[in-house]
1. Filter the range 208-236 down to the residues that are of a type in the set (Gly, Ala, Ser), assigned to a strand (DSSP E or B) and within 16 Å of the ligand (Cβ to nearest atom) and list them by number.
2. For the range 410-428, name all the residues that are acidic (Asp, Glu) and either over 19 Å from THR294 (Cβ atoms) or buried (at least 18 other Cβ atoms within 10 Å of the Cβ) (or both).
3. Among the residues of the range 129-179, how many are within 16 Å of the ligand (Cβ to nearest atom), within 18 Å of GLY383 (Cβ to Cβ) and not β-branched (Val, Ile, Thr)?
4. Of the residues that sit in the range 103-128 and are part of a strand (DSSP E or B) and either away from the ligand (no atom under 16 Å from the Cβ) or not assigned by TED's automatic domain parsing to the domain that holds ASP175 (or both), which one is farthest from LEU45 (Cα to Cα)?
5. Could you please give the count of residues in the range 359-415 that are of a type in the set (A, V, I, L, M), within 16 Å of SER309 (Cα to Cα) and in a strand (DSSP E or B)?
6. Identify the residue in the range 448-488 that is surrounded by fewer than 21 Cβ atoms within 10 Å (Cβ to Cβ) and of a type in the set (Gly, Ala, Ser) and, among all such residues, is nearest to VAL299 (Cα to Cα).
7. Can you pull out the residues in the range 382-435 that are at pLDDT below 95 and of a type in the set (S, T, N, Q)?
8. For the range 56-80, how many residues are outside any strand (DSSP E or B) and β-branched (Val, Ile, Thr)?
Amino acid sequence: MKVFIACLGTETNTFSNLPTGWKTFEETMLFYGDATDNEPNTFSLPLHIWRKRSEERNYEVIESVAAFAQPGGKTLDSVYEDLRDKVLSDLRSAGEVDIVLLSLHGAMTAESYEDCEGDLISCIRQLVGDQTVIAAELDLHCSVTPRMVEKSNLFVTFKLYPHTDIGARAEEVFDLASGAALGAITPKMSVLDCHMINKFRTSNPEMADIVAYMRELENEEGILSVSFAHGFPWQDVPHTTAKVLVVSDDNEEKGNVVAAGLRDRIWKARDQLVQPTLSIDEALSLISENSGLTIMADVADNAGGGAPSDSTFVLARALERGDQKLLVAYFWDPVAVRIAVEAGEGQSILIRVGGKTGPSSGMPVDLQCTVESIKEDASQTFGDTKTPMGTAVWLRGNAGVDVVLTSKRTQVFHPDGMTCLGIDPSSYKGIVVKSSQHFYAGFEPIAEQIGYINAPGDIPPDFANIAFTKLSNPFWPKEPGPFWAPVD
Ligand SMILES: [Zn+2]
């Protein structure tokens with residue numbers, strides 16, 4: 001058995017003014033056939049697992065590109081085409097293969113390619129023919145397109161948000177793909193459009209129940225895998241809306257029934273799946289009222305959704321109000337990092353922070369502060385992997401509001417990105433994290449309360465009013481629905 005493995009992806013915020021080119025791939029992840037010789041990260045982890053599982057069975061492994069870019073705006077055509085063509089040339093050189101396993105995001109758009117995954121998978125299918133099994137693990141924030149489905153054998157998406165099940169889903173993809181290649185199963189995909197756009201956090205009890213229900217459905221006779229593809233709200237493409245995706249064992253009829261039941265279950269829960277948000281002032285007041293540590297997510301400036309991670313709206317307001325014992329993290333500000341590093345630890349400086357990337361970042365803030373600590377090659381935990389932050393700097397503000405700067409653009413994943421600088425999170429009344437949800441697993445154990453702020457930014461959680469130009473599907477919450485006749 002010959003197995004071909006590759007990773008190519010990013011999550012494209014088509015509204016972002018940050019171009020996604022070579023520099024972003026190089027900074028995030030770019031390997032040419034040797035990702036599994038290096039430490040696993042979020043999107044190379046499946047490759048590590050697929051290699052290990054293949055070698056245990058004495059399958060031959062051909063490893064190709066592993067490329068992932070921190071989310072931003074559209075990928076440059078030339079960059080996408082170079083990476084795609086490298087995957088295809090490796091595949092051509094490999095000769096006949098039995099299985100192609102892909103670690104993809106599922107919401108990647110290049111300048112002239114609305115559906116990069118559909119394009120990549122179509123090219124692969126054309127090369128390998130109909131007998132080879134093509135299977136992919138997708139981020140649950142994917143836009144599943146008919147082209148992707150038509151040209152593949154099976155998809156499995158993460159089930160959890162925060163994404164703490166990437167490894168488990170990679171195991172599942174391997175088992176299903178190898179089962180299909182051995183002829184033990186015949187995967188068939190049933191996909192239904194949910195006509196919904198939302199952030200479906202699995203820390204929400206109702207969403208956790210839906211995940212449990214999906215697991216129950218996987219125990220049904222003839223059902224191999226059940227996924228809920230949430231979609232990525234800020235990717236303006238025709239297939240942005242959420243989908244349910246059921247893989248049956250050669251039983252599309254049953255797959256369709258299970259998919260319809262799951263879709264109804266999610267639809268009925270829609271009002272409970274909306275995450276309430278707070279204004280900046282409400283959030284800051286709640287922080288000062290609580291006795292313990294309060295974590296507030298500045299969701300609109302999450303680098304993981306393609307936002308710049310340098311907006312100053314919350315910082316500026318906290319300084320105006322005179323809030324104390326507050327930390328705001330992380331500001332992507334390589335210029336400020338450079339200035340702080342030049343000054344050195346212990347130095348008192350006046351520094352201009354954030355507000356540099358565009359109008360959605362607000363105005364820069366001048367901060368009188370002490371450079372408390374500097375850490376080169378800082379990193380933070382995300383699931384089973386480490387993600388790089390570049391050089392990180394902790395600035396202690398004279399007015400009682402501290403910030404952390406990073407030279408690499410990244411969201412806040414885990415408190416260890418702060419403790420590696422010597423920060424004790426529990427010494428603050430409030431920490432404002434620029435992240436939508438991935439911070440949750442790491443910070444929940446140390447937080448008295450967690451809240452979500454609706455501040456201005458590149459990815460505001462106002463789903464009814466996203467300025468779509470390509471999405472013609474009606475969707476909730478813009479329209480009340482329902483958009484189909486429920487099963488029962
Ligand atoms: Zn995601």
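1. Taking the range 208-236 as the starting set, the residues that turn out to be of a type in the set (Gly, Ala, Ser) are 208, 212, 222, 225, 227, 229, 231.
If we keep only those that are assigned to a strand (DSSP E or B) as well, we get 225, 227, 229.
Within the range 208-236, SER227, ALA229 qualify.
2. ASP416
3. Final tally of qualifying residues: 17.
4. Ranking the candidates gives TYR113 first.
5. Of the range 359-415, the ones of a type in the set (A, V, I, L, M) are 363, 365, 367, 371, 374, 378, 389, 392-393, 395, 399, 401, 403-405, 412.
Restricting the remaining residues to those that are within 16 Å of SER309 (Cα to Cα) gives 363, 365, 389, 392-393, 403-405, 412.
Remaining after also requiring in a strand (DSSP E or B): 365, 389, 392-393, 403-405.
So the answer is 7.
6. Step by step, filter the range 448-488, then rank; the result is GLY451.
7. Selection gives THR385, THR387.
8. Adding up the residues that qualify gives 1.
The values are calculated or read from the model by the stated rules, or taken from the named source; none is laboratory data. On a predicted model such as this, the values are computed, not experimentally measured, just so you know. No Cβ is skipped: glycine too gets one built from the backbone with ideal geometry, and neighbour counts run over all protein chains shown.
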